[in-house]
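Colleague: Would you mind keeping the following structure in view while I ask a few things?
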Amino acid sequence: MISIGRWSAFAGVAILSLVAVAGLCMAIYMGWLFHDMPDAAELVDYHPPTATRVYAWDGTLIGEYSTERRIYVPYDQIPPQLAWSFLAAEDHNFFNHGGVDVGGVGRAMFKDVFNILQGRRPEGGSTITQQVAKNVLLTNEATIGRKLKEAILATRLEQALSKKQILELYLNEIWLGHDSYGVGAAAYNYFGKSISDLTLAQCAFLAALPKGPDNYNPARHMQAALERRNAIINAMVELGHATPAEAAQALREPIVTQPPQRASYRDADYFVEEVRREELARFGDKVNQGGYYVRTTLDPRLQTAARIALMDGLETYDHRHGWRGAWGKATLTTGWEKAAMAHSPPSERKKWQVGAVEEVSGGQVKVELAADKSEGYILPADVAWARGGKGLAVGDLIFVEPADGGGLHLRQVPEVNGAMVAMDPNTGRVLAMVGGYSFSLSSFNRATQAWRQPGSSFKPFVYATALQNGFTPASIVSASSITLPGANGQSWTPENYEKNFPGPLIFRRGLELSLNTMTVRIAAEVGMQKIRDNAIKFGVVRDMAPVLAMALGAGETTPFRITSAYSPFLNGGRKINPHLVELVEDRDGKTIYRADDRECHGCNRDFTGDFGPDFQPEGQQVLDPITAYQIATMLQGVVQHGTAIQARELNWPVGGKTGTTNEFRSAWFIGFTPQIVVGTFVGFDDNRSLGHGETGAVAAVPIFIEFMKEALKGMDKLDFVAPPGTVFAQVGPNREAFQPGTIPTHAVAPLGVGGPHSNNGQPPATPAPPDAKAVPNKKPEELNGLF
């Protein structure tokens with residue numbers, strides 16, 4: 001029989017063995033649990049993802065880029081009542097514990113007994129320090145292992161960071177719903193304010209959200225949101241962080257929120273998206289989380305004017321080509337409005353409304369509006385317009401706009417599209433850019449991404465090259481018919497738009513009247529290789545074949561490129577760097593990109609009253625200044641008595657060049673004053689014809705005029721200034737600018753009538769230029785449509 005002593009010995013050994021095994025298991029578990037424990041010291045230099053904010057040149061916020069929408073706010077800029085609101089809600093003992101609040105954990109465990117019995121999620125009793133550890137360094141899984149890690153990391157955090165640093169991280173990191181990370185973004189998204197402008201009631205509401213943003217969303221759970229907010233206000237009074245009077249006022253304040261918005265200025269969507277693409281190429285994914293400050297070149301006043309002018313111009317074109325019919329059909333029974341409202345008008349047209357034709361009687365069309373069930377009648381002129389097209393019938397779903405004097409305008413979204421770009425020709429600053437009729441309908445940026453034939457808007461580069469190679473403003477060139485050898489043994493006879501051949505004319509008239517025959521003669525004599533090289537040097541094209549068809553604008557460019565390429569005509573012959581971004585700073589205010597990279601000689605010296613710092617002019621010299629001035633004044637003639645004569649109504653020193661392409665597929669006008677250059681393009685996305693007669697003068701120039709009426713407000717009325725060394729002489733009715741020593745002492749005979757630039761009316765024959773072989777795989781007659 002085993003003695004009691006021996007049993008005791010066996011039991012002791014067994015217990016010790018179990019303890020040893022348990023200890024070993026615990027050691028293995030703890031080793032596994034903490035083998036990848038993050039280092040709390042990492043948070044000393046931690047920066048949460050922060051939105052990059054984009055500003056116009058005048059400080060207007062125009063956009064944001066972010067993976068997590070956050071506006072980082074340093075601790076010393078956080079209002080005390082906001083900080084104390086969160087402490088009252090989440091951790092009122094924050095400044096006294098060492099990372100883990102033992103009393104708070106005990107209270108949470110006691111509550112959790114009842115929570116588990118009632119099937120509710122347990123409370124963690126986490127301090128703010130623990131929440132920072134969890135949110136930044138750990139996952140959100142509800143396990144004992146994670147809670148242990150959280151507690152240990154919290155104590156380490158308290159050793160690595162000050163209380164203020166921990167609270168700053170918490171208030172900027174916490175998810176508060178409504179597309180908001182941190183209190184800065186939440187204040188803006190919920191109330192449209194900065195945190196410094198929040199009331200006590202609004203601070204307490206934000207502090208209610210960490211417990212469950214969806215549970216306290218005022219749009220769905222207003223009563224729960226009020227109760228939670230009021231409990232926090234009362235807790236602040238108990239803790240001494242608000243007076244009873246302040247609390248009483250806060251408790252009476254309703255919760256009024258607003259929809260979150262990226263920026264209040266919304267006319268620059270194409271511009272902001274183009275900036276985003278540029279910055280992604282420059283900085284990679286950091287642009288969406290680096291908290292950069294981006295100062296752009298945008299002028300909000302001009303941007304709005306450009307958007308309105310382009311939209312109005314495209315709608316005017318669309319109106320000329322008739323009513324295409326309703327965009328939908330509805331049976332006017334209960335509930336039709338909801339389905340109809342799903343088809344919203346362009347966001348840029350805020351006054352347009354969805355309506356359904358309720359009654360058609362004689363010359364009247366009655367419409368019921370989907371938004372409020374009100375009724376109105378379409379204006380008689382618009383009824384006549386609709387009947388000239390596909391007409392209107394009961395049940396037709398349409399867009400309408402209330403007229404100022406009563407009644408409704410009939411509206412339709414244009415199928416045609418276009419672009420407008422405005423630049424400072426001296427600096428390359430892009431002042432405005434609109435890439436299409438509506439960004440909400442299509443984000444494709446036709447200003448930078450649509451490659452199209454520029455037609456005659458390319459001709460100034462031909463004439464500039466000619467002036468560099470022996471031609472002068474006094475040169476006489478024949479505009480009579482000309483036939484050139486083409487591809488596959490065919491001949492090519494370019495035509496002028498009016499199908500006329502006026503004979504010998506002064507050099508500038510080829511530009512003013514956009515004469516193809518005259519331009520081809522000049523290009524043939526100068527040589528297309530030189531014209532090609534200049535077109536690339538100016539930045540009109542990346543590359544192009546040196547064939548004569550290119551002299552009439554058969555190559556491809558974008559509105560952005562050709563608008564920039566006109567700048568040398570206005571700034572003394574310098575190719576500038578067209579740019580949308582002036583400056584980028586990182587979250588610490590350090591400049592990491594600057595568009596103007598010129599060296600400043602003397603910027604660091606003390607001011608003595610003498611001349612200021614010496615800056616070299618921006619850009620590369622690509623054209624002689626006098627030649628640039630000659631082209632600018634000739635392009636003024638296009639407005640004064642040429643194809644863009646409508647622009648004379650501006651009563652301003654304005655120049656420019658129209659362009660129209662094959663079968664009226666694209667319409668252009670590049671116009672300018674000494675201070676601004678503006679490119680306007682109109683065309684369908686599928687490159688089909690705009691319709692007979694839809695030239696640059698008809699479709700594009702009116703858009704330019706509408707924009708310039710706003711752009712010229714406040715602008716100094718400056719004329720084009722001749723550069724030093726320019727000499728002048730009268731040539732016909734015009735006072736022309738000449739290079740020194742080039743004023744002729746006798747009349748210059750025209751090409752084709754025995755003059756020094758002539759070949760007796762025939763194309764150059766010794767030898768025939770390689771470009772005279774036309775465009776491969778195209779019928780020569782297709783080139784006749786470039787005007």
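Colleague: Can you give the FRET efficiency to the nearest 0.05 for Asn217 and Trp385, using r as the Cβ-Cβ distance and R₀ = 30 Å? All intermediate terms of the calculation are to be shown ahead of the outcome.
Modeller: Details: r = 46 Å, r/R0 = 1.55.
Plugging the Cβ-Cβ distance into 1/(1 + (r/R0)^6) gives 0.05.
Colleague: Using θ = phi - 60° and the Karplus relation 6.51 cos²θ - 1.76 cosθ + 1.60, list the HN-Hα couplings for region 705-721 in order, rounded to whole Hz, with x at every Gly or Pro.
Modeller: 3J(HN,Hα) across region 705-721, in whole Hz: 4, 4, 5, 5, 4, 7, 5, 6, 5, x, 8, 5, 7, 9, 9, 6, 9.
Colleague: Follow-up question, since we're still on this one. Can you work out the Karplus-derived ³J(HN,Hα) for every residue in region 229-236? Use 6.51 cos²θ - 1.76 cosθ + 1.60 with θ = phi - 60°, whole Hz, and x for glycine or proline.
Modeller: Per-residue couplings from phi come out as 4, 5, 4, 5, 4, 5, 5, 5 Hz.
Colleague: Please report, in whole Å³, the volume per residue of the convex hull around the C-alpha atoms of region 328-381.
Modeller: Per-residue hull volume (Cα only) is 98 Å³.
Colleague: With all protein chains present and a 1.4 Å probe, how do Lys351, Lys193 order by accessible area, largest first?
Modeller: Working: Lys351 130, Lys193 60 Å².
Ranked list, largest accessible area first: Lys351, Lys193.
Colleague: Something else: What length, rounded to one decimal in nm, is gained on full extension from Asp716 through to Asn469, with 0.36 nm per residue of separation minus their alpha-carbon distance?
Modeller: Here the answer is 85.4 nm.
Colleague: Moving on to the next point. Using θ = phi - 60° and the Karplus relation 6.51 cos²θ - 1.76 cosθ + 1.60, list the HN-Hα couplings for region 212-220 in order, rounded to whole Hz, with x at every Gly or Pro.
Modeller: Rounded to whole hertz, the list is x, x, 5, 6, 10, 6, x, 5, 10.
Colleague: Work through the residues other than Tyr317 whose Cβ is under 12 Å from its Cβ and net out their charges, Lys, Arg +1 and Asp, Glu -1. Kindly include the intermediate steps, with their values, before the conclusion.
Modeller: Working: positive: Arg320; negative: Asp312, Glu315, Asp318, Glu415, Glu694.
Around Tyr317, the charge tally is -4.
Colleague: Given a cut-off of 24 Å, name the pairs among Lys530/Lys575; Lys329/Lys390; Lys530/Lys717; Lys459/Lys499; Lys459/Lys575; Lys351/Lys373 whose C-alpha atoms lie farther apart than that in the structure shown. Please report the intermediate quantities before stating the final value.
Modeller: Details: Lys530/Lys575 17 Å; Lys329/Lys390 14 Å; Lys530/Lys717 36 Å; Lys459/Lys499 19 Å; Lys459/Lys575 18 Å; Lys351/Lys373 16 Å.
Beyond 24 Å: Lys530/Lys717.
Colleague: Please list Lys163, Lys575 in order of solvent-accessible area, largest first, computed with a 1.4 Å probe with all protein chains present. Intermediate values should be presented prior to the final figure.
Modeller: Details: Lys163 40, Lys575 70 Å².
In descending accessible area the options line up as Lys575, Lys163.
Colleague: Would you tally the net charge around Asn417, using a Cβ to Cβ cut-off of less than 9 Å, leaving Asn417 out, and scoring K and R as +1, D and E as -1?
Modeller: Working: positive: Arg446; negative: Glu415, Asp685.
Counting the neighbours of Asn417, the net charge comes to -1.
Colleague: To the nearest 10 Å², what's Leu176's accessible area with a 1.4 Å probe?
Modeller: Near enough 0 Å² of accessible area.
Colleague: How would Val360, Val272, Val413, Val256 rank on accessible area, largest to smallest, probe 1.4 Å?
Modeller: Details: Val360 60, Val272 15, Val413 40, Val256 100 Å².
Result of the area sort, largest leading: Val256, Val360, Val413, Val272.
Colleague: Taking the dipole about the Cα centre of region 594-741, with the C-beta of Lys and Arg at +1 and of Asp and Glu at -1, give me whichever of Phe704, Thr633, Phe664 is farthest to the positive side.
Modeller: Phe664
Colleague: Further, regarding this structure: Can you list the residues, at least 5 places off or on another chain, whose amide H is less than 5 Å from the amide H of Leu505, using H built in the peptide plane?
Modeller: Val477, Ser478, Ala479
Colleague: A further question follows. For region 166-281, what is the Kirkwood estimate of the hydrodynamic radius, computed as the reciprocal of the mean inverse distance between distinct Cα atoms, to one decimal in Å? Mind showing how you got there, number by number?
Modeller: Numbers: mean 1/r = 0.0640 Å⁻¹.
Radius from the Kirkwood sum: 15.6 Å.
Colleague: Roughly how many whole Å is it from the C-alpha centroid of region 608-670 to that of region 425-440?
Modeller: Value for the Cα centre distance between the two parts: 18 Å.
Colleague: Local charge sum around Ile506 (other residues, Cβ-Cβ under 14 Å, Lys/Arg +1, Asp/Glu -1)?
Modeller: Summing Lys and Arg as +1 and Asp and Glu as -1 gives +2.
Colleague: Further question: Projecting each Cα onto the charge dipole of region 521-588 (Lys/Arg +1, Asp/Glu -1 at the beta carbon, about the Cα centre), which of Val541, Leu580, Ala551 comes out farthest on the positive side?
Modeller: Of the listed residues, the answer is Ala551.
The values are calculated or read from the model by the stated rules, or taken from the named source; none is laboratory data. Predicted, not measured: the structure shown is a model, and the values here were computed from it. Reconstructed Cβ throughout: ideal geometry from the backbone, glycine too, with neighbour counts over all protein chains shown. What goes into the accessible areas is simple: the full protein's heavy atoms, side chains included, and nothing from ligands, DNA or RNA. Shrake-Rupley method; radii C 1.70, N 1.55, O 1.52, S 1.80 Å.
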